[in-house]
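As structure tokens, the structure follows; a few thoughts come after it.
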Amino acid sequence: MAHFVAIHQEAWPNRLSELLATIRQSHALAPTLHPGRRTTRLFQRLGRPTQLVAVSEWSDEDAFDQFRRWPVFVKTVAVCGPPPRIEPLVALRRFERMEQRSTVASCVTVTTPPEHEAAVRDFLLRDAHQRVTSQHGLVSRELYQSRVVPGRFLIVRGWSSLADLERSRATDAPELYETHRRLGTTVERFTGALAAERSLLDA
């Protein structure tokens with residue numbers, strides 16, 4: 001069964017280049033060293049380039065655990081910044097316009113109280129999905145739920161341009177704010193550019 005993981009990480013400024021180089025090298029070596037790695041996208045926060053979010057898909061949980069024990073990964077995590085937040089995920093819904101390519105991503109973490117978890121899950125699966133996928137410039141939308149923190153969701157949306165993302169936020173902000181206020185959710189936003197990628201099309 002496919003295994004999805006998000007890694008939220010911040011690098012020390014003087015270690016950022018080393019961290020990015022190591023990540024890109026691990027992508028290049030994946031066919032030999034980590035054949036269970038299917039896809040990975042690393043996003044670098046706009047305006048704060050030391051903050052990173054990686055979303056990856058693995059063939060199974062054992063494949064990711066093997067990577068997590070890889071000495072290069074262990075050493076890099078130890079010297080390049082504070083311990084990252086590694087969060088296993090369940091994929092709830094994935095949408096992509098294959099003929100387009102995104103240049104910027106919005107990664108939104110939504111945490112809801114237990115009594116509203118089902119309502120928030122349904123809202124993100126249905127109403128929010130239908131609304132955003134009709135908007136100009138949206139390339140992809142993925143919805144995940146944390147396997148370790150009840151009521152926590154991650155929404156990753158890819159956009160053709162930053163202007164498209166900002167237009168969507170301006171249009172949706174009042175209604176979304178009211179929905180989150182009513183359901184008692186907390187929202188953590190991350191806007192980033194693609195810094196590295198490993199796809200199934202890579203040799």
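Observations
- Here is the size of region 65-203 from its Cα atoms: Rg then Dmax, 16.6, 48 Å.
- Helix 162-183 axis, angle to the chain major axis (alpha carbon atoms, nearest 10°): 60 degrees
- Rounded to whole numbers, the Karplus 3J(HN,Hα) couplings from phi for region 14-28 are 7, 10, 4, 4, 5, 5, 4, 5, 5, 4, 5, 5, 5, 5, 5 Hz, using 6.51 cos²θ - 1.76 cosθ + 1.60 with θ = phi - 60°, and x at Gly and Pro.
- Net charge over other residues, Cβ less than 11 angstrom from the Cβ of residue 95 (K, R count +1; D, E count -1): +3
- Counting only alpha carbon atoms, the long axis of helix 71-80 and the longest principal axis of the chain meet at about 60°.
Read-outs: derived from the displayed coordinates by stated rules, not from any lab. Just so we're clear, the structure is a prediction, and the values are computed from it rather than from any experiment. Glycine also receives a Cβ, built like all others from the backbone with ideal geometry; neighbour counts cover every protein chain displayed.
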